[in-house]
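What follows is a short report on a single structure.
The values are calculated or read from the model by the stated rules, or taken from the named source; none is laboratory data. Being a predicted model, the structure only gives us computed values, none of them experimental. Cβ placement follows ideal geometry from the backbone for every residue including glycine, while neighbour counts extend to all protein chains displayed.
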Amino acid sequence: MTAAAQPETHLQKPPTRFGEFWNYYSESRGAVAGLIVFVLLVLMAICAPLLAPHLPDQQYRDAFLTPPIWAADGKSDFILGTDAVGRDILSRLIYGARFSLLMGAMVVVFAMAGGVVLGLLAGYFGGWVDSLIMRIMDIILAFPSLLLALVLVAILGPGLVNAMLAIALVYQPHFARLTRSAVLTEKNRDYVTAAKVIGAGHLRLMLATILPNCFGPLIVQATMSFSNAILDAAALGFLGLGAQPPTPEWGTMLASAREFILRAPWVVTIPGLAILVTVLAINLMGDGLRDALDPRLRKS
């Protein structure tokens, strides 16, 4: 028998879990585009000292409100123009990505950590523990999120850290309710019963058996909360309760430029577009994650 006539014995390897996830995620062009933009934003924030043409707080006394390079009076030294005190907008925008992304990430970490613990306790033990925790979460959810964050920051005092803590507390109930719902679904399944039979304790059942199977919806919620946290952080910065000047945070940049909106619209428009693009990219990522992680939404 010749080599050409031999039967093929090559077997196609089954896709890995990541490969399967990526196949579903990449079906959405918007999700892939959002991921690319988000990765570029993260790289820009990490490499800010290398990419920024100027220091974020450096002032040029001869370049107040210089328009962008494409305008008639634009200068090549300031591609996106300067603000009212002669600081390069592009440099402040690049450095500002660090603060905006960091605030969003830290808010999600704090809110998810507290919410998951509370939701896990409520869903696993039930009874009065469930009622107490969920009623507290309902009270927090009864207030408009931004209004409650404003009240908390007013009590704690304006600042970057206090703004993050306030927004994290506001977002915590969303993670708690989602975790509780997932735990109530998972705790009566056969694998949990089998773990109980072999003698697993409460802590091991909650953390090692039930919680890993609840991460799918939590990841999607974390992505959505990330974009909302960036918006709320910018809103607090705009109102003077978040990051304080001269910190190059995008909301603070908007606040310091609002009086020049008619005279120098680029000072307001450019930071606003940065917030828009970032939030849109993260929301597109969240839609892709939701479709890829939820089997009911997958295309056949």
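What to note about this one:
- Exclusive hit being touching a residue at least 60 places away in the same chain (Cβ under 8 Å) and touching a Lys or Arg at 6+ places or on another chain (Cβ under 7 Å), set Tyr95, Tyr124: Tyr124
- Residue in segment 196-212 that is buried (at least 21 other Cβ atoms within 10 Å of the Cβ), in contact with a helix residue (DSSP H, G or I) (Cβ under 7 Å, 6 or more places away or on another chain) and either of a type outside the set (Val, Ile, Thr) or at pLDDT 85 or above (or both) present: yes
- Selection of first residues in segment 228-240 that are touching a residue at least 40 places away in the same chain (Cβ under 8 Å) and assigned to a helix (DSSP H, G or I) and of second residues that are acidic (Asp, Glu) and buried (at least 21 other Cβ atoms within 10 Å of the Cβ), restricted to Cβ pairs under 7 Å at least 6 apart or on distinct chains, gives the following pairs, ordered by first then second residue: Gly237/Glu249.
- Within the option set Thr269, Thr247, being out of contact with any Pro (no Cβ under 7 Å at 6 or more places or on another chain), in contact (Cβ under 8 Å) with a residue 60 or more places away in the chain, closer than 26 Å to Met103 by Cα and of a type outside the set (Gly, Ala, Ser) holds for one residue only, Thr247.
- Residues of segment 205-248 that turn out to be under 19 Å from Ile89 (Cα atoms) and not aliphatic (A, V, I, L, M), as a count: 7
- A residue that is of a type in the set (Val, Ile, Thr), touching a strand residue (DSSP E or B) at 6+ places or on another chain (Cβ under 9 Å) and free of Cβ contacts under 8 Å to residues at least 24 places away in the same chain occurs nowhere in segment 131-141.
- Qualifying residue in segment 264-271 (condition: more than 29 Å from Leu152 (Cβ to Cβ) and hydroxyl-bearing (Ser, Thr, Tyr)): yes
- The test for being among the hydroxyl-bearing types (Ser, Thr, Tyr), surrounded by 18 or more Cβ atoms within 10 Å (Cβ to Cβ), farther than 25 Å from Asp287 by Cα and in contact with a helix residue (DSSP H, G or I) (Cβ under 8 Å, 6 or more places away or on another chain) does not hold for Tyr24.
- Filter pass, Gly157 being touching a residue at least 40 places away in the same chain (Cβ under 8 Å), more than 19 Å from Ile230 (Cβ to Cβ) and of a type outside the set (A, V, I, L, M): no
- Lone unmet requirement of (1) over 20 Å from Thr269 (Cα atoms); (2) among the small types (Gly, Ala, Ser); (3) exposed (fewer than 15 other Cβ atoms within 10 Å of the Cβ) for Ala31: (3)
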